[in-house]
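Student: Would you mind keeping the following structure in view while I ask a few things?
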Amino acid sequence: LENVPLGAISSNEASEIFQLLLDRMAEQTAGNSVTPVSVRHLLIELSKPNRGYSIYDPVCGYASLLCDFARITQSPEKAVCLFGQDLQRGVALVAKMNTLLGNWSSEIEIGDTLTLPLHLNGRELKRFDIILANPPFGIRIESDLKYDEYKRFIDIQPLFLEVGIIQHICKSLADNGRGVVLISNGFLFRSGSDFKVRKELIETDRIHAIISLPANLFSGTAIATSVLVLNGPKRFDAERGIILVDLTTFAEGQKTRRHLTEKGIKTALECMTACSRNEGISTVVSKKALRDNEYDLSVSRYIQAFPKEQSFQVELKKLTSIIEERNQCEQKALSLLNSINFEFQDGHND
């Protein structure tokens, strides 16, 4: 910062510097207020930014997802409008500062999105073209949500916060909207209310894709995660099925702190576009197959992973063993030939 002429930088550059500082701080903590850079990149690319201009994050943290989206999609023709809400006052204020530095139009609210959503259109939830979210994992909901006036939880009251956020996103998507939410893999196979939500999402064609991510992308936790891509109520193709993508091998970095590779992001986008099967990487699962498997959405259940790559030392040891075995066979063959030759010569002499 000492070398940056602060009086001469643009609002976009100021926002980038501020986001860089947030990312550096996040590397030293175990908080969830900042989503890792490579994961943000994937979520934004999956949201197909060119299709919408009202962007919402119901658990926005420091608004890193919203600001990155705005930075990538900024256009002189039509500006994006950013909407976010966070439970913590201090975090929400930092989020507002983040959007102001980028000179983007934003509405950042403070409060519990499940019990008191504050982005409304009259007496109904406001609906958005694109929703991005990275909700905290494993937090149990203590509030009674049965009497929610926005009818998000009438049939199914969620046990975990992330599941409630998924239900909220489904009610907040525009007809042809796209929702991209980071989830723990537990949601893909847990029973109880999680099962009921999965079944409803599958039967109503609200799930577009599930992308399994590598381990250790987040500081302070090794929880296995995936990306859930959701359709708006009128954006679906029931005949296509659900796209499943396995990116668990597309990671670089230290064992306890890794990042998703650019190749992994590109692979996910290609699989989403092609909607085809790629051995060991992606497949398309029909609604019937999901019913037969009790609505289990675990990616590893449907994609047969390639064997793990062996190290050079292991492969060299195998090769050495094969060479030794070949040499032994050659020695036995030579010994047998010599024996046959000796017997032939001894019989000829007789």
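Student: Quick one: Debye curve from the alpha-carbon atoms of the range 47-156 only, equal weights, vacuum; give me log10 I(q)/I(0) at q = 0.14, 0.17 Å⁻¹ to two decimals.
Tutor: Log10 of I(q)/I(0), two decimals: -0.58, -0.83.
Student: May I ask you to give the solvent-accessible area per residue for the range 212-286, in square angstrom, as obtained with a 1.4 angstrom probe?
Tutor: Roughly 48 Å² per residue, with all protein chains present.
Student: Pop out the ³J(HN,Hα) list for the range 198-211 in order, Karplus 6.51 cos²θ - 1.76 cosθ + 1.60 with θ = phi - 60°, rounded to Hz; leave Gly and Pro as x.
Tutor: 4, 4, 5, 5, 5, 5, 9, 6, 8, 9, 8, 7, 10, 10
Student: If you don't mind, another one. Please turn the phi angles of the range 100-109 into ³J(HN,Hα) values with the Karplus equation 6.51 cos²θ - 1.76 cosθ + 1.60 (θ = phi - 60°), one per residue in order, whole Hz, x for glycine and proline.
Tutor: These are the phi-based 3J(HN,Hα) values: 5, 4, x, 6, 9, 5, 8, 10, 9, 10 Hz.
Student: Something else about it: Whose amide H sits under 5 Å from the amide H of GLN85, counting only residues 5 or more places off or on another chain, with H placed in the peptide plane?
Tutor: Close amide H contacts, sequence-distant or interchain: ASP57, VAL59, CYS60, GLU109.
Student: What nm value, rounded to one decimal, do you get for the distance between SER339 and GLU149 when each label is placed 7 Å out toward the C-beta?
Tutor: Distance between the two pseudo-spin positions: 9.6 nm.
Student: Output wanted: per-residue J couplings in Hz (rounded whole) for the range 150-159, from phi through Karplus 6.51 cos²θ - 1.76 cosθ + 1.60, θ = phi - 60°, x for Gly and Pro.
Tutor: Karplus-based 3J(HN,Hα) across the range 150-159 equals 9, 6, 7, 10, 4, 7, 9, 8, x, 8 Hz.
Student: For LEU230, what residues show an amide H to amide H distance below 5 Å, using hydrogens built from the backbone and excluding near sequence neighbours?
Tutor: Under 5 Å from the amide H of LEU230 lie the amide H atoms of GLY179, VAL180, VAL181, HIS208, each far enough along the sequence or on another chain.
Student: Quick check: at a probe of 1.4 Å, how many percent of the accessible area of the range 172-217 sits on carbon and sulfur atoms? Mind showing how you got there, number by number?
Tutor: Values: 640 of 1280 Å².
It is 50 percent, rounded to a whole number.
Student: Let me know the volume per residue of the alpha-carbon convex hull for the range 209-295, in Å³. Could you put the intermediate results ahead of the total?
Tutor: Details: hull volume 10.5 nm³, N = 87.
Spelled out: Cα convex hull of the range 209-295, divided by residues, is 120 Å³.
The values are calculated or read from the model by the stated rules, or taken from the named source; none is laboratory data. None of these values were measured; they are calculated from a predicted model. Because the Cβ atoms are built from the backbone with ideal geometry, glycine has one as well, and the counts that use them run over all protein chains shown. Ligands, DNA and RNA are stripped out before the accessible areas are found, and what is left, the full protein with its side chains, is counted by its heavy atoms. Shrake-Rupley method; radii C 1.70, N 1.55, O 1.52, S 1.80 Å.
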